[in-house]
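Notes follow once the structure below has been shown.
Every number in this text was worked out from the coordinates using simple rules, so none of it is lab data. Here the structure is a predicted model, which is why all the values come from computation and not from measurement. Because the Cβ atoms are built from the backbone with ideal geometry, glycine has one as well, and the counts that use them run over all protein chains shown.
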Amino acid sequence: STGDNGSGGGRSGALAPPPITEELQKIDVNPPKGTRDFPPEEMRLRTWLFHSFREVSRLFGFEEVDFPVLESEALYIRKAGEEIRDQLYCFEDRGNRRVALRPELTPSLARLVIQKGKSVSLPLKWFAVGQCWRYERMTRGRRREHYQWNMDIIGVPEVTAEAELISSIVTFFKRVGITASDVGFKVSSRKVLQEVLRCYSVPESLFSKVCIIIDKIGKIPVDEIKKDLKSAGVSEEAVDELLQVLSIKSLTKLEEILGGAGEAVADLKQLFSLAEKFGYAEWIEFDASIVRGLAYYTGIVFEGFDREGKLRAICGGGRYDRLLSTFGGDDLPACGFGFGDAVIVELLKDRGLLPELSLQVENIVCALDVDLQGAAARVASILREKSQTVDLVLESKPLKWVFKRAARINAHRLILVGNSEWQRGMVVVKILSSGEQYEVKLDELV
Ligand SMILES: Nc1ccc(Br)nc1
C-alpha cells in the first residue's frame, strides 16, 4: 500500500511503529462458539446436499419458501417442557421486543399460512432449507446452529400426506446412495398415547407434556420417566400401562390391545398399506415408543434412524393438526418433517458415500505480456458470454505459476494471449490433459 501507516508521517518518514492499542490486537478469527464457517470445500458439500434436498422437493411438486431467521419469541413459547424451548436463542431487541433465532421452521410456516389465509388454495406443498438455532450451554460441545430441510403439506387430513412425505425422504436417501439396509423409519401415532390416556381419564391438557416426557425414553432412566409422568399427574396404574403399550413393536399386537375401532390403528394400517403401494415398505417399521419431542404433533409421527445405531435421529416429522389455532388462526390439517444437515453428513461419511466435489473451471486465461492484460480480459469476456467458466489471471505471473494454478483449479484448457498471435487476431489454446496446443481465431473460440 502507498498510504501512510497511520502514525501521522508518510512512508518516507522513518517513524517508530504505532503503539499497540486494543484496536490493533488480532480478533478471534474463529466463528462464534457452536457455529461453522463454510470455506470452499465445505461449501461445495453443503451446496451439493441442499441441491439434493431441492431436487427431491421439486420432484414432489413442492414450492420453496423461506422466513426470517429472527422471529418473535412468542412463536416458540409452549408450556410442554420441550428441549427446544429450554434452548431458545432469544433476546430483547433495541425496540424492547422479545425475539428469537428460529429453532425450527414449522412455526414460521404456520405463521405464513395464517397470514396468507384464503389467498392461497389448498393443499399447500411447501419446502424450505433454513438455518436454525439453539442456545445450549457449550459444556456438551454441541453445535448451536444447523440447516434444516423441511417439507410440509397443509390442508390434507388423510394419511396419504404422511405417506407422501416419507416417500420424499426415501427418494432423497436413494438418490444419495443410502439403502433400506442403511437406514429405516420408526413410525407410530400420538393417537396411541391419546387412546391409552383416555382409558385412564388422564386430562387432554396433559397430553403434550406427557408426549415430551415419553420422548425421553431411551435417553434418561425409565424410573425418571415414571417419576416425571406421575408428577405431571398421570396415575401409577396409567404409567405402567402406558409404558407397556409403548414397548409394542407390532401393529397386530397394538390392535389386540387397543382394539381395531380406534383412529390410531386405522391410521397406521393405512400408512403401512400405502408404504407397500409406494414401494418403500422395507424402509418402515412400527414402534409405539416413537412420539417425537415437539409438543404440537397430534397424529402419525416418524423418525429416520441409522440401523447401526451409532447416530442420532437423521430426520423426524409428523402430523400437527392443531398448531395454527395455537397462533390464533383457524386450524388446518398439516404434516411435515425436519431433516438436519449434520447427521446425514456423518452417515454419508460412514458409508463412504460422500461425493467427490472439486472446483472445475473450463478455462484459465493469461496474458503473456503486461500490455496484453486488456486483451486477456476481452478473451475472458467473450468466453463468459458463451457461458464458459473462466479464471482470468489478473496480474503478471511466470508461466510456472500459471500452470500450477491451472492444476489447482482443475482447468480444462489454458488460453494464452501473446503479442505475435494477437497481432493476427489469434490466441493459443493448450488442452491441459493432453498437452495438445493450437492457435485459434478469437471469433472462433468456443
Ligand atoms: N433445533 C435445533 C437448532 C439447532 C441445532 Br444445532 N439443533 C437443533
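Rounded to the nearest 500 deg cm²/dmol, what is the calculated helix-only ellipticity per residue at 222 nm for the chain, with -39500 (n - 2.57) per DSSP H run of length n ≥ 4?
Rounded to the nearest 500, the figure is -10000 deg cm²/dmol.
Does anything in the range 372-395 have its amide N under 18 Å from the 7 Å Cα→Cβ label point of Lys441, and if so which residues?
The answer is 379, 382-383, whose backbone nitrogens lie closer than 18 Å to the label point.
In which sequence would Phe91, Phe337, Phe207 go, from the one with the fewest C-beta neighbours within 10 Å to the one with the most? Please list the in-between numbers first.
Working: Phe91 13, Phe337 24, Phe207 18.
Result, fewest neighbours first: Phe91, Phe207, Phe337.
Let me make sure I get this right: for the range 283-427, a, b and c are the square roots of the gyration tensor eigenvalues over alpha carbons, sorted descending. Under 1.5 in a/c it's rounded, otherwise prolate if a/b > b/c, else oblate. Which is it? Please list the in-between numbers first.
Values: a/c = 5.46, a/b = 2.78, b/c = 1.96.
Because a/c hits 1.5 or more and a/b exceeds b/c, the range 283-427 counts as prolate.
Which of Thr179, Thr389, Thr160 ends up with the largest GNM mean-square fluctuation for the chain, with Cα atoms connected below 10 Å?
Thr389
Where a Cα-Cα gap under 20 Å defines reach, which lysines qualify for Lys216, not counting those fewer than 8 residues away within the same chain?
Lys79, Lys186, Lys191, Lys226, Lys227, Lys230, Lys249, Lys310
In a GNM of the chain with a 10 Å cut-off on Cα contacts, which of Arg94, Arg143, Arg292 has the highest mean-square fluctuation?
Ranking Arg94, Arg143, Arg292 by mean-square fluctuation puts Arg94 first.
Between Arg36 and Arg307, what is the label-to-label distance in nm when each label sits 7 Å out along the Cα-to-Cβ direction?
2.6
Could you give the length gained by full extension between Phe60 and Ser420, i.e. 0.36 nm per residue of separation minus their alpha carbon distance, to one decimal place?
So the chain would gain 123.9 nm between Phe60 and Ser420.
Sorting Met426, Met43 on the 10 Å Cβ count, fewest up front, what's the list?
Met43, Met426
Under a GNM of the chain (C-alpha, springs under 10 Å), which listed residue has the highest mean-square fluctuation: Gly61, Gly304, Gly418?
Gly418
Counting other Cβ atoms within 10 Å of each Cβ, which GluC sites (Glu not before Pro) in the range 334-437 have at most 10 and sit in a DSSP loop? Let's see the in-between values first.
Values: sites: Glu346, Glu356, Glu362, Glu385, Glu395, Glu421, Glu436; in loops: Glu356, Glu395, Glu436.
When the GluC sites (Glu not before Pro) of the range 334-437 are filtered for loop state and at most 10 Cβ neighbours within 10 Å, Glu356, Glu395, Glu436 remain.
Working out 0.36 nm times the residue gap between Lys349 and Val370, then minus their Cα-Cα distance, what length gain in nm do you get to one decimal?
Additional length available on full extension: 2.9 nm.
How long is the gain from Trp48 to Ala266 if the chain were fully straight, where each residue apart is worth 0.36 nm and the alpha carbon distance is subtracted?
74.6 nm
Nearest-5 percent of antiparallel DSSP beta bridges in the chain?
The antiparallel fraction comes to roughly 75 percent.
Apply the a/c threshold of 1.5 to the C-alpha gyration tensor of the range 35-183 and tell me whether it is rounded, prolate or oblate.
oblate
Write down the Kirkwood hydrodynamic radius of the chain, to one decimal in angstroms, obtained as one divided by the mean of 1/r over all alpha carbon pairs.
26.3
Using Cβ contacts closer than 10 Å as the measure, can you line up Trp422, Trp48 from fewest to most?
The fewest-first ordering by Cβ neighbours comes to Trp48, Trp422.
Amide H of Asp391 versus every other amide H placed in the peptide plane: which residues, excluding those fewer than 5 positions away on the same chain, fall under 5 Å?
Residues meeting the amide H criterion: Asn363, Ile364, Val365.
If you take the square roots of the eigenvalues of the alpha-carbon gyration tensor of the range 173-250 and sort them as a ≥ b ≥ c, do you get rounded (a/c under 1.5), prolate (a/b over b/c) or oblate?
prolate
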